[in-house]
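Below: one structure, written as structure tokens.
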Amino acid sequence: MSKKNILLLGLGRQGKAALYDLVNHSDATHITVVDNRADLEAYLARYPSGRVTGRKIDAADEAVLSALMKTADVVVEALPASYALKTARTAAKLGVNLVNSMYCISPQESDAEKVQIQKEIMRGIDREAKAKKVTILPEFGLDPGIDLVLGAQALSELDEVYEFFSYGAGFPTLEAATNPLKYKFSWSVIGVMRAYLRPAKIISKGQIVEIEANEIFAKENIHSLELKEIGVPLECYPNGNSLYYAELFGLRNSIQEMGRYACRLPGHCAFWEVIAKCGFLDEPPIKVGKTPISPVQFTASLLGGQSQFRYADSEQDVTLIRVDVRGKREGKRRRIIYQLIDRRDLKTGFTSMQRTVGFTMSLGAQLIMENRLKKTGLLSPIDVPYDLLVRGLEKHGMKITRHELPWGSESP
């Protein structure tokens with residue numbers, strides 16, 4: 001049997017979950033874990049030393065990182081978001097397969113010229129990866145990731161599509177919502193803060209509606225979603241650029257209503273609307289005395305440094321992905337809903353966010369190693385067959401439900 005070497009870049013929350021799954025559910029011969037954390041060797045001691053080893057390096061050292069990437073069959077990149085595009089580009093140049101869970105083009109980037117430059121880099125990655133017959137699979141986590149696979153599956157079941165709504169969320173169970181915000185952090189605090197101040201686009205009556213960054217939590221831009229599995233109505237606010245996904249799915253010319261939303265427990269949006277409009281999420285530094293401090297960095301440090309905003313070992317988080325698509329099949333108006341609701345596994349300790357992001361990245365690496373995707377170049381999660389995702393998630397007790405009903409029916 002040929003050797004299968006995995007290089008895991010980053011041993012943060014999602015990297016730890018990806019490593020666990022690669023060790024326990026993949027046929028990888030060897031896994032090299034790269035991080036500069038002081039406890040790297042101590043953490044990796046729980047795994048077989050002949051199969052898992054660590055390298056303590058700075059990921060910003062491109063020469064050393066490239067040398068390590070050359071030795072891998074697949075790179076699983078779980079570094080901070082700022083590394084995503086650069087690492088994907090390096091992988092394509094070296095002719096190495098790669099999977100990550102991040103956006104390669106930052107959703108926060110509003111400079112049209114910079115976005116265009118990044119898009120051209122992405123096209124170059126695709127060309128180079130195809131020429132070298134390797135697969136680059138970014139955005140393969142929870143949201144983006146699982147949501148796009150479910151969306152592609154729902155669309156494949158209809159002849160015409162007129163409405164498309166997707167929801168992604170991570171929040172505490174009601175029992176764990178013990179602080180004034182009723183929210184705890186299961187991924188990067190600064191990542192959450194920056195996602196709370198970014199413009200959004202939805203499609204309404206066939207027209208693009210642009211929502212300013214500090215207006216995404218405004219009352220007129222949110223709606224409620226009631227799911228019996230959650231127990232309370234969820235507040236849903238616009239999450240990113242739905243136009244991008246309309247074009248990705250080939251819906252731009254036909255879609256009448258389209259929105260991509262994030263969900264939180266009741267009361268969340270009113271608080272964050274005030275915080276955003278008061279400047280607490282702004283990036284440019286202000287002077288505090290003689291010291292320049294970024295408001296968003298301050299806010300992230302203030303909240304992230306308090307134990308009340310972190311999960312205790314006995315507490316569970318919930319993740320939700322829901323795709324609600326409406327259109328016609330054989331002339332009949334139909335509505336198709338795919339949904340995943342997951343909770344923290346208290347036995348392993350992995351939060352649901354770790355499970356749905358880290359395990360999904362690991363699954364992507366396994367599909368590439370096993371040549372199950374049958375495509376090379378720069379892929380999207382919509383290129384991953386639905387049945388392969390389902391089987392991968394079911395190994396961890398994660399179940400996707402499907403409902404089909406008449407268009408006008410109430411949600412199940």
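Nothing in this text is a laboratory measurement; each read-out follows from the coordinates by a stated rule. Since the structure is predicted, the reported quantities are computational estimates derived from the model, not experimental observations. Ideal geometry is used to build each Cβ from the backbone, glycine not excepted, and the neighbour counts take in all protein chains shown.
Residue separation times 0.36 nm, minus the C-alpha to C-alpha distance between R391 and T348: what's the value?
Full-extension gain reported as 13.5 nm.
Ordered by residue, what ³J(HN,Hα) values in Hz, to whole numbers, does the range 117-123 give under the Karplus form 6.51 cos²θ - 1.76 cosθ + 1.60, where θ = phi - 60° and Gly and Pro are x?
5, 5, 5, 5, 4, 5, 5
Name the shape class, rounded, prolate or oblate, that the alpha-carbon gyration tensor gives for the chain, where a ≥ b ≥ c are the square roots of its eigenvalues, rounded holds for a/c under 1.5, and otherwise prolate holds if a/b is larger than b/c and oblate otherwise.
rounded
List the trypsin sites (Lys or Arg not before Pro) within the range 264-307 that fall in a DSSP loop (any state other than H, G, I, E or B) and whose Cβ has at most 12 other Cβ atoms within 10 Å.
K290
At a Förster distance of 45 Å, what's the computed FRET efficiency of S301 paired with E229, Cβ-Cβ distance as r, to 0.05?
Calculated transfer efficiency: 0.85.
Can you tell me how much longer the chain between E404 and A67 gets when fully stretched, taken as 0.36 nm per residue apart minus their C-alpha distance, in nm with one decimal?
Additional length available on full extension: 116.3 nm.
Under a 5 Å amide H to amide H cut-off, with H placed in plane at 1.01 Å, what residues pair with G141 once short-range neighbours are removed?
Sorted by chain and number, the residues that satisfy this are I146.
Given contacts defined as C-alpha pairs under 8 Å and at least six residues apart, what's the relative contact order of the chain, whole-number percent?
20 percent
From the phi of every residue in the range 80-89, what ³J(HN,Hα) in whole Hz does the Karplus formula 6.51 cos²θ - 1.76 cosθ + 1.60 yield, where θ is phi - 60° and glycine or proline is x?
x, 4, 5, 8, 4, 5, 5, 6, 4, 5
Once you have a ≥ b ≥ c as the square roots of the Cα gyration tensor eigenvalues for the range 41-181, tell me rounded if a/c is under 1.5, and otherwise prolate or oblate according to whether a/b is larger than b/c.
Because a/c hits 1.5 or more and a/b fails to exceed b/c, the range 41-181 counts as oblate.
So, R0 is 51 Å and r is the distance between the beta-carbons of N253 and H25; what FRET efficiency does that work out to, to 0.05?
Once the sixth-power term is evaluated, E becomes 0.80.
Length gain on complete extension for the stretch E120 to E220, per 0.36 nm per residue less the alpha carbon to alpha carbon distance?
Using 0.36 nm per residue and subtracting the Cα-Cα distance, I get 32.4 nm.
Ranked highest first by the average count of other Cβ atoms within 10 Å around their residues, in what order do 191-204, 118-131 fall?
By packing density, highest mean first, the sequence is 191-204, 118-131.
Can you give the FRET efficiency to the nearest 0.05 for K133 and V274, using r as the Cβ-Cβ distance and R₀ = 56 Å?
0.60
Per-residue HN-Hα couplings for the range 276-291, Karplus 6.51 cos²θ - 1.76 cosθ + 1.60 at θ = phi - 60°, whole Hz, x for Gly and Pro?
5, 6, 8, x, 5, 10, 6, 8, x, x, 10, 8, 10, x, 9, 9
Scan around R334 for amide H atoms under 5 Å from its own, H built in the peptide plane at 1.01 Å from N, and keep only partners 5 or more places away or cross-chain.
For R334, whose amide H was placed from the backbone, the distant partners under 5 Å are G327, K328, R329, W407.
Nearest-5 percent of antiparallel DSSP beta bridges in the chain?
Within the chain, antiparallel bridges account for around 60 percent of the total.
Counting each DSSP H run of 4 or more residues in the chain as -39500 (n - 2.57), what helix-only mean residue ellipticity at 222 nm follows after dividing by all residues, to the nearest 500 deg cm²/dmol?
Calculated mean residue ellipticity at 222 nm is -9500 deg cm²/dmol.
So who's got an amide H within less than 5 Å of the one on Y261, skipping anything under 5 residues away but keeping other chains? H placed 1.01 Å off N, in plane.
S166, Y167, G168, N239
Quick one: grab the alpha carbon gyration tensor of the range 195-337, order the square roots of its eigenvalues as a ≥ b ≥ c, and give me rounded if a/c is under 1.5, else prolate or oblate depending on whether a/b is larger than b/c.
oblate
Could you give the nm distance between label points at Q308 and E41, where each point is 7 Å from its Cα heading toward the beta carbon?
4.1 nm
So what is the relative contact order for the range 255-383, in percent, with contacts set as C-alpha pairs under 8 Å and at least six apart?
This gives 13 percent for the range 255-383.
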